[in-house]
Amino acid sequence: MSHIDTSRIHYSWMPHIRQALEENLPRLEQQIGQDFLPPAEDVFAALSMPLDDVRVLIVGQDPYPTPGHAMGLSFSTRPGVPAPRSLQNIYAELHDDLGIDGRADGDLRAWFDQGVLLLNRVLTVAPGQAGSHRRMGWEAITEAAIRALAGRDIVAILWGRDAQTCQAFLPGTECITSPHPSPLSARRGFFGSRPFSRANAALEARGVSPVDWRL
């Protein structure tokens with residue numbers, strides 16, 4: 001019996017990801033065992049958003065490896081958890097771009113609730129071991145989900161080289177790219193990239209309501 005809870009996946013995704021799930025999830029569960037983050041019920045939290053509700057896609061790498069931080073949405077933490085350094089840089093760019101202050105914590109559910117799909121390429125991680133569940137099969141599942149968005153009136157924000165590989169899955173989609181907001185790369189072009197105002201301008205050009213990026 002599956003120990004990763006798939007019940008939160010909205011039914012609208014299933015025609016697009018069912019095959020990838022069936023081909024990869026059993027092996028994934030064997031490989032990752034019982035000790036992983038986020039909690040089993042949050043692994044597919046991002047795909048609880050109905051497909052038709054997606055306005056913006058923000059692709060992350062894998063969950064925060066610190067217990068108590070990851071909650072199933074890329075870059076977001078549980079309420080009350082201080083914003084990690086990459087997210088602090090995202091908040092700094094949000095302020096420079098739109099004059100909007102971030103939060104003390106890393107809770108990005110206000111974005112998610114407006115149709116900002118915060119999706120990691122890899123949906124689990126071993127505690128304390130960043131990147132530990134890469135190349136085990138998650139990429140095939142999330143690729144299928146990202147491909148389901150191709151041709152829709154959405155905007156993709158792709159930070160860093162890993163996320164930018166997703167451009168190949170999104171023909172005809174407006175993609176806003178820059179270096180990753182990590183402290184290692186943010187000053188190489190993430191700062192000053194204005195992804196939030198650019199995303200809203202692209203949405204409005206397509207007749208889609210802009211996102212209120214306030215948190």
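Computed values, structure above
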quantity: Extreme residue, positive dipole direction of the chain, given options PHE190, GLY128, ALA150 (C-beta unit charges); calculated: PHE190
quantity: For ASN120, residues with placed amide H under 5 Å, excluding near neighbours; calculated: GLY60, SER74
quantity: Alpha-carbon centroid distance for the pair the stretch 43-64 / the stretch 74-123, whole angstrom; calculated: 13 Å
quantity: ³J(HN,Hα), Karplus 6.51/-1.76/1.60, whole Hz, each residue of the stretch 116-126, x for Gly, Pro; calculated: 8, 7, 9, 10, 7, 5, 10, 9, 9, 8, 6
quantity: Backbone HN-Hα couplings from phi across the stretch 174-181 [Karplus 6.51/-1.76/1.60, Hz, Gly and Pro as x]; calculated: 5, 10, 9, 10, 6, x, 6, x
quantity: Global geometry of the stretch 1-101, whether rounded, prolate or oblate, following the gyration tensor of its Cα atoms and the 1.5 cut on a/c; calculated: oblate
quantity: Net +/- balance of residues flanking ILE32 in space, Cβ distance below 13 Å, scoring K and R +1, D and E -1; calculated: 0
quantity: Global geometry of the stretch 117-186, whether rounded, prolate or oblate, following the gyration tensor of its Cα atoms and the 1.5 cut on a/c; calculated: oblate
quantity: The stretch 97-215, relative contact order [Cα under 8 Å, separation at least 6], %; calculated: 29 percent
quantity: Helix-derived mean residue ellipticity, 222 nm - over the chain, DSSP H n ≥ 4, -39500 (n - 2.57), to 500; calculated: -8500 deg cm²/dmol
quantity: Per-peptide average of other Cβ atoms within 10 Å, ordering 174-184, 52-62 highest first; calculated: 52-62, 174-184
quantity: Size of electric dipole in the chain: Cβ of Lys, Arg +1 and of Asp, Glu -1, about Cα centre, debye, nearest 20; calculated: 500 debye
quantity: Distant-in-sequence amide H partners of ILE176 (H built 1.01 Å from N, under 5 Å); calculated: ALA156, ILE157, LEU158
quantity: Net charge of Cβ neighbours under 10 Å - reference THR173; Lys, Arg +1; Asp, Glu -1; calculated: -1
quantity: nm² value of the averaged projected area, convex hull over the Cα atoms of the chain; calculated: 10.8 nm²
quantity: Positive-pole candidate from ILE17, PHE36, TRP159, dipole of the chain, charges at beta carbon; calculated: TRP159
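Where a number appears in this text, it was derived from the coordinates with a stated rule and is not lab data. Being a predicted model, the structure only gives us computed values, none of them experimental. Cβ coordinates were reconstructed from backbone atoms using ideal geometry, including for glycine residues, and neighbour counts include every protein chain displayed.
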